[in-house]
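The values are calculated or read from the model by the stated rules, or taken from the named source; none is laboratory data. Quick caveat: nothing in here was measured; it's all calculated off a predicted structure. Ideal geometry is used to build each Cβ from the backbone, glycine not excepted, and the neighbour counts take in all protein chains shown. Ligands, DNA and RNA are excluded from the accessible area calculation, which covers all protein heavy atoms including side chains. Shrake-Rupley method; radii C 1.70, N 1.55, O 1.52, S 1.80 Å.
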Amino acid sequence: MRLWNMEFYKITARPVMNMGFFLILGFLVLVFYQEIDASRTEIDGKVYQGMEAIQMDRKLAKEYEGIFTMEKAEEIVDRFGFSGYVGEGTSEEITYEREGNYCSQFVTDKMTDFMQEDRRPTDFSTGEAWENYGKYYIMGDVFFAYANGWKKLVDVWNMGIILLQVWLVLMIAPVFSEEYSRNITGILLSSKHGKSKDIWTKIGASLSLGGISYLFMVLLLTGMTVAVYGKDGLHASPLLAGDLFWAAGSRGWTVGGLLPAVFLEGLAAVFLNVCITLFLSSRCRRPVTAVTAGILLFFLPAGVNQVLFQMLVSLGAAGSFLGWIFLDIMRISCLSFPIYLPFLESCGVPMNWLAYVPGIVLVLIGFCTWRAVVNYRDYQLS
């Protein structure tokens, strides 16, 4: 335990970098506060703002809670009308702030052409739009409840997980490379546990930092969500909580059942990111080189997926069987890296692919950890 404490202290004894972590948390709290402050709802002709708007939306949603039906949708529209933008259809300037309330906005967004036409609709969707999208919400398996709090949580968490992983690259990159740059590796390796226990303690302390910082962020955001929005909506269908849950649809999942799975994906991404950074640290002789390589490698899969993959598709690479297989392997590989791993549900990943991703992640974690140990242990021989 003493050795772990020493290694953990060495990693975290950087006041400026530690401040960076709290700046990230402060930024996330600020974003969360702005979401609360910007809340607006209209119920029976009265406008509510901020916390009062949230509480009134929660109360209103209780009236329609349960399996969503066409009768409920029509009742909401008859009572509140469809939702557009504040000032739309009047002489007032359109602010692109949504009018209506949680219930009328849900019906408008999910069951009309509002998202395509960007103006207040006059009726429900028709034709293919209704058959392929709108009708999905009244098939008897969508449980309606107030899930706006969990949607806001996921939106802020999306930003937080990216910022946190960049911060972890900056923190973990010097673990091995800083010792190389100070020419003290030979002395440390010659100690009693230098080539065994000490190396694994460094890795354990690095993973602990990643896990502790991630869990702290998740607990902070979840605590704020419960304090402001309550626990409403945990039993709602996942697709009410935003795009991240869209792939889960309504196939027996609930928001409360899927949130832990999403947070575990985030934890796996953090651990993988730490292991990749440790591998790079064991290969680089200077911390700045390890940091640069870590940041580039973190964002590289996004470049490959968004640019190279799309370019190959436009060139017709998917036209042949081998080309199609190659593109599948490329995309599955990209989505198995830390920048995408927390967002698999919103990346349009086919369900049969999800069986491969955990295996790829475990192989990457194992390979990077093993190579980090070997590279550092054999430093004097290189």
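Quick look at the numbers
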{"quantity": "Qualifying residue in region 17-28 (condition: out of contact with any strand residue (DSSP E or B) (no Cβ under 6 Å at 6 or more places or on another chain), modelled with pLDDT of 95 or more and β-branched (V, I, T))", "calculated": "yes"}
{"quantity": "Candidate set: region 131-181, residues that are part of a helix (DSSP H, G or I) and charged (D, E, K, R); chosen: the one farthest from the chain's Cα centre (by Cα)", "calculated": "E179"}
{"quantity": "The lone exception for C334 - which of (1) at pLDDT 80 or above; (2) more than 22 Å from G160 (Cα to Cα) it fails", "calculated": "(2)"}
{"quantity": "Among residues of region 337-361, those that are outside any helix (DSSP H, G or I), open to solvent by less than 30 Å² (accessible area, probe 1.4 Å) and modelled with pLDDT of 80 or more, counted", "calculated": "3"}
{"quantity": "Every pair of residues 6+ apart whose Cβ atoms lie under 6 Å, when the first sits in region 44-67 and is more than 13 Å from N148 (Cα to Cα) while the second is assigned to a helix (DSSP H, G or I)", "calculated": "Y48/M56; G50/D37; Y64/K72; Y64/C103"}
{"quantity": "Residue match in region 88-102 (condition: part of a helix (DSSP H, G or I), without any contact (Cβ under 8 Å) to a residue 24 or more places away in the chain and more than 30 Å from G211 (Cα to Cα))", "calculated": "no"}
{"quantity": "One residue from F106, F124 being open to solvent by less than 80 Å² (accessible area, probe 1.4 Å), at pLDDT 80 or above, of a type outside the set (S, T, Y) and part of a loop (DSSP other than H, G, I, E, B)", "calculated": "F124"}
{"quantity": "Close pairs from region 154-165: first on the phi < 0 side of the Ramachandran plot and open to solvent by 10 Å² or more (accessible area, probe 1.4 Å), partner not in a helix (DSSP H, G or I) and not β-branched (V, I, T), Cβ under 7 Å, at least 6 apart", "calculated": "D155/G242"}
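Yes/no per residue for (1) part of a helix (DSSP H, G or I); (2) open to solvent by less than 30 Å² (accessible area, probe 1.4 Å); (3) farther than 20 Å from W200 by Cα; (4) in contact (Cβ under 8 Å) with a residue 40 or more places away in the chain:
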{"site": "N273", "(1), (2), (3), (4)": "yes, yes, no, yes"}
{"site": "R285", "(1), (2), (3), (4)": "no, no, no, yes"}
{"site": "V291", "(1), (2), (3), (4)": "yes, no, yes, yes"}
{"site": "L296", "(1), (2), (3), (4)": "yes, no, yes, no"}
{"site": "L300", "(1), (2), (3), (4)": "yes, no, yes, no"}
{"site": "M311", "(1), (2), (3), (4)": "yes, no, yes, no"}
